[in-house]
Amino acid sequence: MFYTSRLHQSRFIFQTIRDVRTFRHQPNFNDPSIECGSCYNVVAANEPYNHHWLTSEDAQHIKMDMDHKLLLQRIHVEHIVTFMLCDETPGNRTRAFVVEAGTEAVPHLLRFLNYEATGLEVTIGFFVKVCQQNFYCESHPVKIKHFLDIDLTVDMMFTRLVEKIANYAFITFNVTLEAICIKRMKVVVQRLWNGQQQLPLQYRVKNDDRFKPAENKHSVDLSLLHESFVNYHGKRFGDFPDSLQVNLYCFRVCARTKELFAAPYLIRNEDTKNTPTFLVQTDVAGEFRGMHEVYNIRKFLRSDPIDLIFDCRDCEGHFTNRVEFVMHKEMDCGGGITMLQLDGELPEIYENCFTLPKEIFKHAWYAIGPTF
């Protein structure tokens, strides 16, 4: 059994030889000799598929202990939505700071704030200094509907902001990015509470709901399914009722390449057309959040030719997959970014603020409360 990643030309393979089943990830579709060591694992051929995930690295969820929850409660009670990230190292290390912020600091903060929320609305701004003048470059608000969309969303927001700053600096001052200094970023996050559980954008664009369930599929007691999964999950010798003839899938994220893919969790019947199939939904901390029924699992798992290569008619941008194209359009082709000149002589005073603990956030984050 094999299927491809929806964003990259990777292959994820289950290979059964005699009494052993091996899971392999081949990041390079054209060179199967290259394998990902972080995904590779082996179980007995008669074991359920979820045993592959019992001991493998969890690259998609975060830990939320009591200290995390108390901090999040304080942020909620004090109505804090603004966070400042500072580069406290000496000198100008703009490139490294932006990379660290975009790949680690900001995604980490957003995953933390996503706990118990149904989504986030995020605005990101850079404080920029170029040719002894100060500017503030800010994106328009972007909604994130699933925690597994955070990395891609932040990456695209950062890309658009850097492009805007680079173009402005070149046109206005005739300088390149090397002459720009960024030491602070502001992230405004509205935690959203209303709305149904969504799929990650990578699978949401598949629009699986348009496939109606086949009439010959038997109905499923969802209450029993949910209860049985909770009692079964995470146990090597768990007991799943024989009366529930369903196939279950779950999301996995490669720890090395960060690719998202849907993988088998429990397969009761190889007849996919006539067997009810569900995707296990979890929150950012890995807690169970229900099931999403999948009506055409083969189409849901595999990439379509139309998923690849898109051109934006509005801005002539070129994209190699539908997910990035859809996100680009949701961001209005990168429009809505504002560039404001600041008075460098005016001090900034924040009366209601505190430092986020380094035990939770290794970067220098400050939470800024509202001024009443």
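Going by the conditions given, is LYS186 on the phi < 0 side of the Ramachandran plot and not in a helix (DSSP H, G or I)? It is true that LYS186 is on the phi < 0 side of the Ramachandran plot and not in a helix (DSSP H, G or I). Here LEU161, LEU199, LEU113 are screened, and the one residue that is part of a loop (DSSP other than H, G, I, E, B) and either surrounded by fewer than 18 Cβ atoms within 10 Å (Cβ to Cβ) or touching a residue at least 12 places away in the same chain (Cβ under 8 Å) (or both) is LEU199. Scanning segment 308-358 for residues that are in contact with a Leu (Cβ under 8 Å, 6 or more places away or on another chain) and of a type in the set (Ser, Thr, Tyr) returns a single hit, THR320. Of everything in segment 1-47 that is at pLDDT 70 or above and among the hydroxyl-bearing types (Ser, Thr, Tyr), the residue that is farthest from LEU301 (Cα to Cα) is SER33. Within the option set GLY234, GLY238, GLY290, being at pLDDT below 95, in a strand (DSSP E or B) and either touching a helix residue (DSSP H, G or I) at 6+ places or on another chain (Cβ under 7 Å) or assigned by TED's automatic domain parsing to the domain that holds THR22 (or both) holds for one residue only, GLY290. GLU215 meets all of the listed conditions (1) modelled with pLDDT under 90; (2) surrounded by 14 or more Cβ atoms within 10 Å (Cβ to Cβ) but one, namely (2). All conditions in (1) assigned by TED's automatic domain parsing to the domain that holds ASN50; (2) farther than 22 Å from TYR203 by Cβ hold for LEU260, with the sole exception of (2).
Of all residues in segment 57-79, those being surrounded by 15 or more Cβ atoms within 10 Å (Cβ to Cβ) and in contact with a Cys (Cβ under 9 Å, 6 or more places away or on another chain) number 1.
The values are calculated or read from the model by the stated rules, or taken from the named source; none is laboratory data. Everything quoted here is computed from the prediction, not taken from an experiment. With ideal geometry, Cβ positions are generated from the backbone for all residues, glycine too; neighbour counts draw on all protein chains shown.
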